[in-house]
Amino acid sequence: MKINYIGTVIADNLSELMLPYFQDMVHAGFPSPASDFIESPIDLNKYLIKNNAATFLVRVSGKSMIGAGINDGATLIIDRSIKPSHNSIIVAAVDGEFVCRRLKTKPKLCLVAENKGYKPIYINSQIDFEVTGLVTSVINQFT
Amino acid sequence: MSIALVDCVSFYASCERVFRPDLKERPVVVLSNNDGCVIARSIEAKKMGIKMGVPWFKVKDRYIRKGGIVFSSNFAFYGDMSRRVMNILDSISPKTEVYSIDEAFLDFSGTEKNVGCFNFGLQLKNTVGRWTGIPVRVGIGPTKTLAKIASYQIKKRNIKSRVLALDNQKDINQALEATPVGEIWGVGRRLNRKLSMAGINNALQLSYAPPQDIRKRFSIVLERTVRELNGERCLEIEDVSPTKKQIVVSRSFAKKITNLEVLNTVINDYVVRAAEKLRSEKQKSSTISVFIRTSPFDAGQSYRAIKSYSFTYPTDDTRDFLYAVRKTLAKIYKPNYRYSKAGIMLSSFSDIGYVQNSLFRESHTYKMNSKLMKVIDELNLNQKQIYIASQNIGRFKPIQRNMISPKYTTSWIDLPVVR
């Protein structure tokens, strides 16, 4: 299936983000009968957000998670209602600051970066640590 | 039969902490519009002796010196966090009444048999806390009034779990006895005095009073309270919010205003906002009141005045209100005073459909031309584009919010940063 038309996007309100799409290619001079039937529009909200009340967006600063495909300046979608487990990518408050890391629950509880230049953060009683939420998606914008 | 009152702990201050983990366990206060008074305090700030409503300048130096954190109010952000909390409650119980920005009643009759009242409350508290970062108290009782009392007792007894379920008579009586009548929902200061003169000092004593006597000596409203204290449901969950009876827009100014024209311009802004709100609620108003006052903390002469203007029939046209304000303000304005606050109130509402024709139609009214207002409202829906000429368009900065936090959840450029 090809998508060959993307509608105008209103960007200041995610819930208005509806992209109508056509299921068939439109050939010049030969209108497909199917193109009369616009399918229900794609709603990025529905696709990316399962629990509206618990979902927050945050912005990434730095390259600590570059190996996981999270670029500097990316937007993360985090869902606070999903319990993270071993290997989840999470946002956590560590000593009063938000970080994005991969959670390791074994052999020792720690947060690891996806970048050789960053040391793992081992969670012990001296560190003020709280999981904020699970990262469900990343939006890397190229333009 | 169980009702829960879910009440956010120091709501505005808690919001400010959600995206500032560095503020955990630090004193946080939030100031009113224009940084005038303290309107929210974290527990730590309360412990420092910062009182609700205290003028900021009075406590500022001491509070900051002791390491306190302060924010101007960020209502766009608080509104979004409130929406999240209310959505969660609504998804848990279909019978939810949003009582204020940080409080809601839930009817969960039927569910309590499965999990028990206390556990239900605990689940509510944990879910809201986990999903939004906002701590809540959950008071549970057979009636709304008792749920309110449970919530009050959580605060008073400083219950660590922040959940109290009054689901048996022994616990109810204990809570009632420990609740002064002045703390009962709907009992104001005057009623409080009258009751204590009659020898009724706590909620338990009031609950023993025969309802018929209370109705005779006080009011039918208080009779209902007595019945509710006895577990008889008189106040239902209102899941449909009743239409407003009045709209008030008032602000204190960052800088004192003495000039009539400037005052008029600033008030016109309030009028435009109030009229927009009025139209969005499909109401018409036939009375507008204007008030102005000097600061009670100003060493100079003090003055305050309020005056109403009545239309012969209801209107929702901004221009009608602007006309009325200009006339009314000119009557109450006195030169040489340093005005610190002004406001307007629209009242005497009636639905748009029902408008009685008057014999004496005012010559200046614009009633036939409500299309114009509709067009302006549509254009202004997303972004301010059309102004009335007499409005304040950035010429004066009447509002001061120097310490406002980012719009973390409603603006792309203000998203919280993670490293």
Q: For B:Ala198, indicate whether it is out of contact with any Cys (no Cβ under 9 Å at 6 or more places or on another chain), surrounded by fewer than 22 Cβ atoms within 10 Å (Cβ to Cβ) and among the small types (Gly, Ala, Ser).
A: yes
(Q) Which residue is nearest to B:Ile92 (Cα to Cα), if the candidates are limited to the stretch B:126-149 and must be under 20 Å from the mean Cα position of the chain (by Cα) and within 14 Å of chain A (Cβ to nearest Cβ)? (A) B:Val136
Q | Enumeration of residues in the stretch B:99-121 that are of a type in the set (A, V, I, L, M, F, W, C), away from chain A (no Cβ under 14 Å) and either closer than 30 Å to B:Tyr408 by Cβ or in contact with a helix residue (DSSP H, G or I) (Cβ under 8 Å, 6 or more places away or on another chain) (or both) | A | B:Ile101, B:Phe105, B:Leu106, B:Phe108, B:Val115, B:Phe120
Q.
Given the options B:Ile257, B:Ile237, name the one that is in contact with a strand residue (DSSP E or B) (Cβ under 8 Å, 6 or more places away or on another chain), under 24 Å from B:Phe105 (Cβ atoms) and β-branched (Val, Ile, Thr).
A. B:Ile237
Q: May I ask you to list pairs of residues, at least six apart or on different chains, whose Cβ atoms are under 7 Å apart, with the first in the stretch B:199-210 being part of a loop (DSSP other than H, G, I, E, B) and the second being surrounded by fewer than 18 Cβ atoms within 10 Å (Cβ to Cβ)?
A: B:Asn201/B:Pro180
**Q.** Top-ranked residue of the stretch A:83-101 - restricted to ones that are facing chain B (nearest Cβ under 10 Å) and assigned to a loop (DSSP other than H, G, I, E, B), ranked as nearest to the chain's Cα centre (by Cα)
**A.** A:Lys83
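Please state which one of B:Ile101, B:Ile92, B:Ile140 is at pLDDT 95 or above and of a type in the set (A, V, I, L, M).
Of the residues listed, the single one that is at pLDDT 95 or above and of a type in the set (A, V, I, L, M) is B:Ile140.
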Q) Picking from B:Glu232, B:Glu236, which residue would you name as being acidic (Asp, Glu), surrounded by fewer than 17 Cβ atoms within 10 Å (Cβ to Cβ) and in contact (Cβ under 8 Å) with a residue 40 or more places away in the chain? A) B:Glu232
Q) Inside the stretch A:55-71, can you point out the residues that are surrounded by fewer than 15 Cβ atoms within 10 Å (Cβ to Cβ) and facing another protein chain (nearest Cβ under 10 Å)? A) A:Ser61
(Q) Looking for something of a type in the set (S, T, N, Q), under 26 Å from B:Val128 (Cβ atoms), more than 10 Å from chain B (Cβ to nearest Cβ) and over 14 Å from the mean Cα position of the chain (by Cα) - is there at least one such residue anywhere in the stretch A:121-139? (A) no
**Q.** The lone exception for B:Val221 - which of (1) surrounded by 22 or more Cβ atoms within 10 Å (Cβ to Cβ); (2) assigned to a helix (DSSP H, G or I); (3) among the β-branched types (Val, Ile, Thr) it fails
**A.** (1)
Q: Select, from B:Ile134, B:Ile88, B:Ile140, the only residue that is surrounded by 21 or more Cβ atoms within 10 Å (Cβ to Cβ) and assigned to a helix (DSSP H, G or I).
A: B:Ile88
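Residue-wise test of (1) basic (Lys, Arg); (2) over 28 Å from the mean Cα position of the chain (by Cα).
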position	(1), (2)
B:Pro296	no, no
B:Ser302	no, no
B:Tyr309	no, no
B:Thr312	no, yes
B:Thr315	no, no
B:Tyr323	no, yes
B:Lys327	yes, yes
B:Lys331	yes, yes
B:Lys334	yes, yes
Q. Looking at this structure, is B:Ala254 without any contact (Cβ under 8 Å) to a residue 12 or more places away in the chain, outside any helix (DSSP H, G or I), surrounded by fewer than 19 Cβ atoms within 10 Å (Cβ to Cβ) and of a type in the set (A, V, I, L, M)?
A. no
Q. Are there any pairs, at least 6 apart or on different chains, whose C-beta atoms fall under 6 Å, with the first in the stretch A:127-143 and part of a strand (DSSP E or B) and the second of a type in the set (D, E, K, R), and if so, which?
A. A:Gly133/A:Asp79; A:Gly133/A:Arg80; A:Leu134/A:Asp79; A:Thr136/A:Asp79
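The values are calculated or read from the model by the stated rules, or taken from the named source; none is laboratory data. All of these numbers come straight from a predicted model, not from anything done at the bench. We place every Cβ from the backbone using ideal geometry, glycine too, and count neighbours over all the protein chains shown.
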